[in-house]
Amino acid sequence: MTNNKYINQKSLSRKLSGISCKNMKQLYLSFVIILLAGCSDFVDVDLPRDQLASESIFAEASTADAAIRDIYGKMRDNGLVSGGSSGLGNIMGLYTDELTYFGQPATPQEQFQNHSVLPIDPVISSWWNNAYSLIYAANSVIEGVENSQSLEVEDVERFKGEGLFIRAFLHLLLVEIYGDIPYITTSDFRLNSTVSRIPEAQVYEDIIDDLIEAKSLLPLNDFSGERIRPYKFVADALLAKAYLYNMQWEQAEARATLVIDEFGILEPNLDNVFLKDATSTIMQLKPESEGVNTFEGRTLIFLTGPPPNQALSQTLFQSFEIDDERRLNWIAAVTDGTDTWYHPFKYKQQTNTPTSLEFSILFRLAEQYLIRAEARAQLGDISGAQQDLNAVRNRAGLENTSAVSSNDLLDAILRERQLELFTEFGNRWFDLKRFGQASEVLSPIKPGWQESNILLPLPQDELLLNPNLEPQNPGY
């Protein structure tokens, strides 16, 4: 298979038609300069500014490290995994049964809640363009370190492993949202300007291949000291999720087991789970500067009613058992004396603090227990699935599950995922979709629901720029 899979960047595609091959290399270098010049405040290594070229970026570990850290900063600030109002956690919370919108009308948030999303929606375009821009940047890092003549071998391997991990992670989110997509493994504009989509099954093969290679290259242990960079067990955590979503149960169980064996028991105190030093965090995104906390806290917490933007839905709030300690520790009530609303309170800091207390968690141990529970239930390992499910339930103060068959266990696991992972990066939507329960759950509470809503539309402007991306997803 060739690497001719990349969706053209809108801001660049209009320029490409008039650029000769002779000038293509200079355009590539200019793009890298622009990308790296925008490093976030947390990047404390200054990049060279005079006649910066790819050779100088990847000549030293410090500048190559700054380049890849800039990608994490952009992931944190914008796009799919940002904790902001346009990130997956908020938008897909509104799309499903997790959140209810109270803000101004005719916003993208309201369109997602009402299932009236159109191909021209700005969030749709933003997610697509942001993700593929970061994939392009990851590919530039991979190519840059592979061609470097001066980096140490261990640095080449680590940076390449990180690039592969980022590429796989973003493609996994994209394929779950849009269905068939391009899988991009190059930064070559000539190959990337006429790309076509490939089937979901092939996308998952590429994701898994990238992650297996990434694990072979990444360090064994957390080298950052703050779990803000991928290492081998982070690759295993994402592999467990990819195998689960791809219905490869044995492999999902095996990868989740590696992670669980490494990290051990769950963080016992629910109030500590989302602190930056929580023992069950596998990987997280660090705020831009000291004293800043998470976008999730700034977005989801509100102090007065009625809510200015969104609140937890009554559907979700009433799904918790009365003695579920997550209801007490991870949800907060706000009242105006007459009505009461609820907001997520996993992240508890809405404002800055003298030192940062919370980072945005991408992967945590409870999800691995639930991944393994589901894989074991699918494989007929009833006692093993019960054991993993009970680890999460018991930590929440609940009794052991009463489910004793594979089907009952799968229903119980889906419910537990709803209560454990709410408002975290669209997990609820991905679960409803892959369990085949989106229509059953959403059609009674979403008047605008249609079967075609199982996939979001491709951005209309991208289809106009590159007809090879046709056809549009059904229903749009």
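Every number here is computed from the coordinates shown, using simple stated rules; none is lab data. None of these values were measured; they are calculated from a predicted model. FYI the Cβ positions are ideal-geometry reconstructions off the backbone, even for glycines, and counts take in every protein chain you see.
Working note: Karplus 6.51/-1.76/1.60 with θ = phi - 60° gives region 396-407 the couplings 8, x, 9, 6, 4, 5, 9, 5, 10, 10, 4, 5 Hz, where Gly and Pro are set to x.
With θ taken as phi - 60° and the Karplus curve 6.51 cos²θ - 1.76 cosθ + 1.60 applied, the whole-hertz 3J(HN,Hα) list for region 282-299 is 9, 8, 9, 9, 7, x, 5, 8, 4, x, 7, 10, 9, 5, 4, x, 5, 7 Hz, x standing for glycine and proline. Which Cα, out of Ser193, Gly397, Gln314, lies furthest along the positive dipole direction of the chain (beta carbon charges, K/R +1, D/E -1)? So the residue furthest toward the plus end is Ser193.
Overall shape of the chain was characterised from the C-alpha gyration tensor. The equivalent ellipsoid obtained from it has semi-axes of 35, 25, 23 Å, in decreasing order. With a ≥ b ≥ c taken as the square roots of the eigenvalues of the C-alpha gyration tensor of region 248-370, please select rounded if a/c is under 1.5 and otherwise prolate if a/b is larger than b/c or oblate if it is not? It comes out oblate by the Cα gyration axes. Scanning residues 5 or more positions from Phe359 or on other chains, those with amide H under 5 Å from its amide H are Lys276, with H placed 1.01 Å from N in the peptide plane.
Full extension of the segment from Asn468 to Ala106, taken as 0.36 nm per residue of separation minus the current Cα-Cα distance, would add 127.2 nm. Each of His115, His171, His343 was scored by other Cβ atoms within 10 Å of its Cβ. Listed from fewest to most, they are His115, His343, His171. Set the Förster radius R0 to 22 Å, insert the Cβ-Cβ distance between Gln202 and Ser224 as r into 1/(1 + (r/R0)^6), and round the FRET efficiency to 0.05. For R0 = 22 Å, the calculated efficiency reads 0.10. Across region 459-464, rounded Karplus estimates of 3J(HN,Hα) from the backbone phi angles (6.51 cos²θ - 1.76 cosθ + 1.60, θ = phi - 60°) give x, 4, 5, 6, 5, 5 Hz, Gly and Pro being marked x. Reported to the nearest whole Å, the Cα centre-to-centre distance from region 214-233 to region 85-157 is 23. Let's test the formula: R0 of 41 Å, r as the Cβ-Cβ distance of Thr304 and Tyr476. What FRET efficiency results, to the nearest 0.05? The calculated FRET efficiency here is 0.60.
Take every Cα pair under 8 Å whose residues are at least 6 apart in sequence, average their separation, divide by the length of the chain, and the relative contact order is 20 percent. Take 347-353, 148-154, 163-169 and order them by the average number of nearby Cβ atoms within 10 Å per residue, most first; the result is 163-169, 347-353, 148-154. Annotation for Gln450 and Val153: the two label points, set 7 Å from Cα along the Cα-Cβ direction, are 5.7 nm apart.
In terms of distances greater than 24 angstrom between alpha carbons, the cross-link table entries Lys160/Lys232; Lys286/Lys346; Lys74/Lys446 yield Lys74/Lys446. Selection among Ala137, Ala278, Gly436 by position relative to the dipole of the chain gives Ala137 as farthest towards the positive end (Cβ unit charges, Cα centre). Using a/c under 1.5 as the rounded threshold, could you call region 202-270 rounded, prolate or oblate? The axes a ≥ b ≥ c are square roots of the C-alpha gyration tensor eigenvalues, and prolate needs a/b larger than b/c, oblate otherwise. Judged from the Cα gyration tensor, region 202-270 comes out oblate (a/c at least 1.5, b/c at or above a/b). Dipole of the chain computed with +1 at Lys/Arg Cβ and -1 at Asp/Glu Cβ about the Cα centre; of Leu456, Ala242, Asn468, farthest Cα towards the positive end is Asn468.
Rounded if a/c is under 1.5, else prolate if a/b is larger than b/c, else oblate: which is region 225-444, with a ≥ b ≥ c the root eigenvalues of its Cα gyration tensor? It comes out oblate by the Cα gyration axes. Residues whose amide H comes within less than 5 Å of that of Ile181, counting only those at least five positions distant or on another chain, are Ile198 (H built at 1.01 Å from N in the peptide plane). Every helix of 4 or more DSSP H residues in the chain counts as -39500 (n - 2.57), and over all residues that averages to -15500 deg cm²/dmol at 222 nm. Under 5 Å from the amide H of Arg364 lie the amide H atoms of Ile282, each residue being 5 or more positions distant or on a separate chain, with H modelled from the backbone and absent for Pro and chain starts.
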